[in-house]
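The values are calculated or read from the model by the stated rules, or taken from the named source; none is laboratory data. Fair warning: this is a prediction, and the values are worked out from it, not measured in the lab. Because the Cβ atoms are built from the backbone with ideal geometry, glycine has one as well, and the counts that use them run over all protein chains shown.
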């Protein structure tokens with residue numbers, strides 16, 4: 001029975017496969033396909049300069065396979081040999097990566113630690129969590145708002161790369177029954193094809209995505225039943241060597257439990273706030289927006305989240321907030337669904353919002369979570385906020401009158417603008 005969390009030195013894979021900055025994309029893809037990697041460290045004279053990821057290559061699929069990987073580098077989080085399990089999980093989740101390098105004192109690469117390494121260690125670490133913590137899979141899984149029909153063309157998957165990098169998507173038949181799963185590694189089989197020369201080969205490569213998803217999916221998918229615990233699901237992932245499992249009812253997928261969901265739960269249960277903690281001590285994870293080039297958008301999201309969490313903190317102690325943005329890529333109005341999972345000292349709270357206005361969706365989620373936590377306090381006979389603070393009006397959620405007016409104007413029906 002462990003007495004403390006393991007460190008990166010205990011969990012990492014030593015002597016990982018690496019690339020040089022001038023290595024071509026084709027070499028990176030070859031290693032990813034044969035080894036099952038999603039990220040590969042890039043070294044310049046034995047010093048880490050970044051990582052090349054499958055997603056960074058896929059998002060630039062028009063580039064020549066001879067392009068050097070130095071043009072596609074991403075900066076990984078800093079993980080040292082002494083970094084402990086909860087912090088590793090938190091850094092991987094925040095960066096949206098499946099793995100990250102472990103760096104020594106002189107900047108040398110010592111190894112790589114992945115989500116899979118962390119999940120493999122979970123069954124032996126359950127004793128470090130509170131004894132009552134045995135949630136069922138449906139309590140921490142993510143909803144399957146995104147599904148793929150087996151007769152869809154693979155080219156439709158290109159708009160869902162961000163989701164595919166986080167977890168596979170369920171593939172269903174015409175009756176909505178789960179028949180398989182498709183992930184980035186499956187898409188990689190047809191995204192690039194070797195060209196030996198001539199226009200015919202080039203046309204063949206371009207038409208590689210014009211085949212049905214059913215022809216590249218892996219089947220049967222790994223599933224779990226509702227009511228199974230998170231640890232049982234973790235063992236299933238380990239035994240089947242997969243990064244996610246589907247929660248199924250009557251043959252239809254109702255939720256997906258990914259490695260990130262398991263690690264999110266552990267991070268939420270192990271984070272401890274200081275005695276005089278503020279909302280800045282709450283870990284906020286945002287997925288689905290990586291790659292956005294609008295820093296002002298993230299600043300406004302942070303502002304709405306921070307003010308909403310201050311309201312939530314009047315009733316419970318929040319420790320972790322996960323926000324996932326899932327664009328409806330085939331919807332003509334460009335709607336998206338924002339899902340929230342809030343970990344607190346009083347349990348886990350959920351909310352979701354669908355609409356085209358991103359900021360209004362986040363504001364609405366925080367209002368809903370505030371209402372849920374307030375009701376929990378009221379049912380326990382504590383109808384006043386902690387410390388006797390008065391209840392704020394819902395009209396001041398954003399705390400910024402100008403931002404509030406913009407949000408309300410953007411979401412008002414035609415003709416309702418003031």
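If you scan the stretch 112-139, which residues turn out to be under 26 Å from residue 39 (Cα atoms), surrounded by fewer than 21 Cβ atoms within 10 Å (Cβ to Cβ) and touching a strand residue (DSSP E or B) at 6+ places or on another chain (Cβ under 9 Å)?
116, 117
Just to verify a result, which residue in the stretch 301-320, among those that are touching a strand residue (DSSP E or B) at 6+ places or on another chain (Cβ under 8 Å) and more than 18 Å from residue 339 (Cα to Cα), is surrounded by the most Cβ atoms within 10 Å (Cβ to Cβ)?
That would be 316.
Please give the helices (runs of 4 or more DSSP H) falling wholly within the stretch 1-93 in which 2 or more residues are within 24 Å of residue 125 (Cβ to Cβ), at pLDDT 85 or above and more than 23 Å from the chain's Cα centre (by Cα).
8-11
Any chance you could count how many residues in the stretch 100-115 are within 18 Å of residue 237 (Cα to Cα) and out of contact with any helix residue (DSSP H, G or I) (no Cβ under 7 Å at 6 or more places or on another chain)?
Counting residues in the stretch 100-115 that are within 18 Å of residue 237 (Cα to Cα) and out of contact with any helix residue (DSSP H, G or I) (no Cβ under 7 Å at 6 or more places or on another chain) gives 1.
Among the residues of the stretch 265-286, write down those that are under 17 Å from the mean Cα position of the chain (by Cα) and either farther than 14 Å from residue 318 by Cβ or at pLDDT 85 or above (or both).
Within the stretch 265-286, 265, 266, 286 meet the criteria.
Would a scan of the stretch 147-167 turn up a residue that is free of Cβ contacts under 8 Å to residues at least 40 places away in the same chain and not in a loop (DSSP other than H, G, I, E, B)?
Yes, the stretch 147-167 has at least one match.
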